Number of protein chains: 2
Amino acid sequence: MNISDVADKSGLPAKTIRYYEDIGFIKPKRLPNGYRDFENVELHKLAFIGRARSLGFSIEDCRTLLELYNDTSRASADVKQVAQHNLKEIEDKIADLKAMHATLSHLIDECAGDHRPDCPILDSLGNTVLTKSLS
Amino acid sequence: MNISDVADKSGLPAKTIRYYEDIGFIKPKRLPNGYRDFENVELHKLAFIGRARSLGFSIEDCRTLLELYNDTSRASADVKQVAQHNLKEIEDKIADLKAMHATLSHLIDECAGDHRPDCPILDSLGNTVLTKSLS
DNA sequence: CATAGGGCCTCCAGCAACTGGAAGGTCAAG
DNA sequence: CTTGACCTTCCAGTTGCTGGAGGCCCTATG
């Protein structure tokens, strides 16, 4: 199986697959002409990584998950811990974004959005720290 | 005012301030010994950028906002448009993260988290695409 | 006056996680 | 035989900094 087949089936770009080889996720065999020759196990791993990445796991998380995946004697608790850590990070990011959203939408509501140069958004961005530091 | 004062007052690390000079946000004067010599207007701009960055505006957004900020004849509508575009991106990110959160917390709930090797999290990561591509 | 400690300078490298492009080998079809 | 689609490697760029090396500069203390 060559790289474009694997790209199609895994949903990952060929570039990304080569990158994943570079960082040691897979080690496909080579044909005499130098082309990579993938087997199902590599496709399987790539699909696994792609799905984990889409769930927000970092590359290092994926490395850990792959090891756990390959280790048939691992405890499910180990995997759960990685997943829970990831879940917490997702929750933190959501909280941050919601705070940004609240502030920004408040500013936008206050802005007339017309042709006058007066703008509460810029005023707020400029003044908040100014009053704190330049008083 | 030297760089560490500005770092303290703006809340930005000195490294970041030098970086912001590199990319053209500020152009502080230099003392005869080569040290940067900041005036209030630069501190003001840095604080502005810092606050915009913390609200999720990209560097390029900040460049646009700074131009609008410096242009006293601009219409507040221009600023509002940048802010609204940014708000939409924040909303999209929140939606993505919520979807990840739902999937991941579902998987975590199903995982026993004990010493048995059986783990629905890994099963799901491994099988979803497998069934699609290797059937 | 020498020295120790900070602070400041520039430049180079690296983080994540790819992505794009150049330069070139390979292969199958017409 | 040529065309065009593959494949290869390697290098550079992306975003927004951050760390470190190597080296001035400035002040304070003995």
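The values are calculated or read from the model by the stated rules, or taken from the named source; none is laboratory data. Since the structure is predicted, the reported quantities are computational estimates derived from the model, not experimental observations. Glycine also receives a Cβ, built like all others from the backbone with ideal geometry; neighbour counts cover every protein chain displayed. In case anyone asks, the SASA skips ligands and DNA or RNA and just uses the protein heavy atoms, side chains included. Shrake-Rupley method; radii C 1.70, N 1.55, O 1.52, S 1.80 Å.
At-a-glance table
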quantity: Scope the range A:12-37; condition within 11 Å of DNA strand C (Cβ to nearest atom) and either touching an Asp or Glu at 6+ places or on another chain (Cβ under 8 Å) or within 14 Å of chain B (Cβ to nearest Cβ) (or both); matching residues; calculated: A:L12, A:I17, A:F25, A:L31
quantity: Any hit, the range A:11-32, residues being away from DNA strand D (no atom under 12 Å from the Cβ), more than 17 Å from the chain's Cα centre (by Cα) and within 22 Å of B:H101 (Cβ to Cβ); calculated: no
quantity: Residues within the range A:1-10 that are closer than 30 Å to B:I108 by Cα and open to solvent by 60 Å² or more (accessible area, probe 1.4 Å), tallied; calculated: 2
quantity: Identity of the residue in the range A:72-81, open to solvent by less than 30 Å² (accessible area, probe 1.4 Å) and part of a helix (DSSP H, G or I), that ends up farthest from A:K27 (Cα to Cα); calculated: A:S76
quantity: Residues satisfying the stated conditions in the range A:50-107, i.e. under 30 Å from A:D8 (Cβ atoms) and among the small types (G, A, S); calculated: A:G50, A:A52, A:S54, A:G56, A:S58, A:A83
quantity: Residue match in the range A:11-29 (condition: in contact with a Ser or Thr (Cβ under 8 Å, 6 or more places away or on another chain) and closer than 23 Å to A:L87 by Cβ); calculated: no
quantity: Answer residue from the range A:52-74, given it is more than 13 Å from DNA strand C (Cβ to nearest atom) and of a type in the set (D, E, K, R) and is nearest to the other protein chains (Cβ to nearest Cβ) among those; calculated: A:R74
quantity: Condition met for A:E67 (within 30 Å of B:S54 (Cα to Cα) and not small (G, A, S)); calculated: no
quantity: Filter result for B:L104 (modelled with pLDDT of 90 or more and either aromatic (F, W, Y) or surrounded by 18 or more Cβ atoms within 10 Å (Cβ to Cβ) (or both)); calculated: no
quantity: Residues that are open to solvent by 60 Å² or more (accessible area, probe 1.4 Å) and of a type outside the set (S, T, N, Q), drawn from the range A:82-101; calculated: A:H85, A:K88, A:E89, A:E91, A:D92, A:K93, A:D96, A:K98
quantity: Residue count for the range A:21-43, restricted to those that are surrounded by fewer than 21 Cβ atoms within 10 Å (Cβ to Cβ) and closer than 30 Å to B:A95 by Cα; calculated: 1
quantity: Qualifying helices (runs of 4 or more DSSP H) (wholly inside the range B:1-71; at least 1 residues being of a type in the set (G, A, S) and free of Cβ contacts under 8 Å to residues at least 60 places away in the same chain); calculated: B:3-10, B:14-22, B:40-54
